[in-house]
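J.: Submitted below is the structure of interest, expressed as structure tokens.
The values are calculated or read from the model by the stated rules, or taken from the named source; none is laboratory data. Predicted model, so just to flag it, every value in this text is computed and none were measured. So basically every Cβ, Gly included, is an ideal-geometry build from the backbone, and we count neighbours across all protein chains shown.
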Amino acid sequence: MFNLAVKQEEEKPRTRCGYEPHESVRAFERALGQSDLVSTGRALHFAADIATSGGIDTLVKSIWDYSFSHIGIASPRIFVYLKKRIQEIQEILKRLPDEEAYKSEEFQVRIGELVLVVRDAPTRTVVSWPKVGTETHLDGWIRAVIASPQTAALNKVWRPEGDSPVLRSAGAELCKAIADGSLEKALFWIRWLFEEEVKIKKEVKGASLSTYDRAPPGCKHKGGVGLFILALYKEIYRELVGKQLVRMNEEFMCLLELFTQAGARKQILTILTQILCEVPKWKIPAAPPLIRDPVAMSQAVRQVPKFFREVMAYDPPNHIPALMKAFKTRGKPPVVPKAKQAETKMDAFDKALEDYFARQ
């Protein structure tokens, strides 16, 4: 029995430095959110370990998740930067065999710079979405509470040939909340719309608040509430730009694109809504510089290859298929099927986002 236990332990997938994959990922994520110098070294060490052990996708996901959840509106420029740098890393991996890419200083610097820039960015408290009571989805509730007039942006987006009148009424309330700078009310109406969409789809198979085709290239679903909100946000943003109340064109368009591609759609919606509600109140309605001290950042980036050399001194990991699977699950237990769970309204909200914006 002892020998069997030892054998099973030896056969566990391990990273290049000998960690269990989920240990390496969790240690990286903890270090990413800490500000001291020792944590910077830990973050670079574990990033190098994960990246050179075949876990680059998991590393990138951790960085995206942290940026969406903890940086967000505090530094919107981060998303433009991440999109560009991650594309560069992917191009290196396409161009070179894995081990050769890992030894490349270009690859090492790109990974290390990602970690350092994200750690250097200011953070902001995670926004809590307001609750939506079940009574708000009873027949007649929306007609009893609507009080906001139609706006020019809404009239440009709403289409009678494919959009429900309910979508127009709630859209007017969403526009009013944004015009008033009320983030909480705006998020309430977004969540209400998605929950109302879920309710309708349950009652009538195939039904939707919107069937009008607003899908960007690569998006599987052609209609739905989410695409309506994106189209409405584009028009509201254009109006704010025309009034010189916001100057975040590249950042805003990047987030709109990420919303149809990435998984953190709730966080992206939050940031987009914050830009429309909060940035017009800023003294300078533009994204602050991404890197606060370019000289210090340049000096830190020069140290990155040292961390990779320490990690690359170890042999490449074994059990690659099992290692890749372990990175993907992050050591989490198997997910219980949705049919066996008590679905909450927030589950339905998140599932609606996934359903409407899942890529082919």
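J.: Is it the case, given these coordinates, that G162 is at positive phi and touching a residue at least 60 places away in the same chain (Cβ under 8 Å)?
T.: Working: at positive phi: no; touching a residue at least 60 places away in the same chain (Cβ under 8 Å): yes.
So G162 fails the test.
J.: Would you check which residues across region 120-171 are of a type in the set (V, I, T) and farther than 30 Å from L290 by Cβ and list them? Before you say what the answer is, go through the steps one by one.
T.: Within region 120-171, the first condition is being of a type in the set (V, I, T), and the residues that meet it are 123, 125-127, 132, 134, 136, 142, 145-146, 151, 157, 166.
Correct list: V132, T134, T136, I142, V145, I146, T151, V157, V166.
J.: Among the listed residues R265, R247, R214, identify the single one that is touching a Pro at 6+ places or on another chain (Cβ under 9 Å), basic (K, R) and touching a residue at least 12 places away in the same chain (Cβ under 8 Å). Before you say what the answer is, go through the steps one by one.
T.: Values: R265 fails: touching a Pro at 6+ places or on another chain (Cβ under 9 Å); R214 fails: touching a Pro at 6+ places or on another chain (Cβ under 9 Å).
Checking each option against the conditions leaves just R247.
J.: Assess whether I86 counts as being hydrophobic (A, V, I, L, M, F, W, C), on the phi < 0 side of the Ramachandran plot and either buried (at least 21 other Cβ atoms within 10 Å of the Cβ) or touching a Lys or Arg at 6+ places or on another chain (Cβ under 7 Å) (or both).
T.: When the stated conditions are applied, I86 does not pass them.
J.: Could you give me the residue pairs with C-beta distances under 9 Å whose first residue belongs to region 278-291 and is outside the structural domain of F79 (by TED's automatic domain parsing), whose second residue is of a type in the set (K, R) and assigned to a loop (DSSP other than H, G, I, E, B) wherever it lies, and which are 6+ apart or on separate chains?
T.: Correct list of pairs: P280/K243.
J.: Take I284 and tell me if it is in a loop (DSSP other than H, G, I, E, B) and either in contact with an Asp or Glu (Cβ under 8 Å, 6 or more places away or on another chain) or charged (D, E, K, R) (or both).
T.: On the way: in a loop (DSSP other than H, G, I, E, B): yes; either in contact with an Asp or Glu (Cβ under 8 Å, 6 or more places away or on another chain) or charged (D, E, K, R) (or both): no.
Against the criterion (in a loop (DSSP other than H, G, I, E, B) and either in contact with an Asp or Glu (Cβ under 8 Å, 6 or more places away or on another chain) or charged (D, E, K, R) (or both)), I284 does not qualify.
J.: Right, next: Considering each of I111, I142 in turn, give the residue that is of a type in the set (V, I, T), assigned by TED's automatic domain parsing to the domain that holds K234 and more than 17 Å from the chain's Cα centre (by Cα). Quick ask: steps written out before the conclusion?
T.: Numbers: I111 fails: assigned by TED's automatic domain parsing to the domain that holds K234.
Criteria check complete, one pass: I142.
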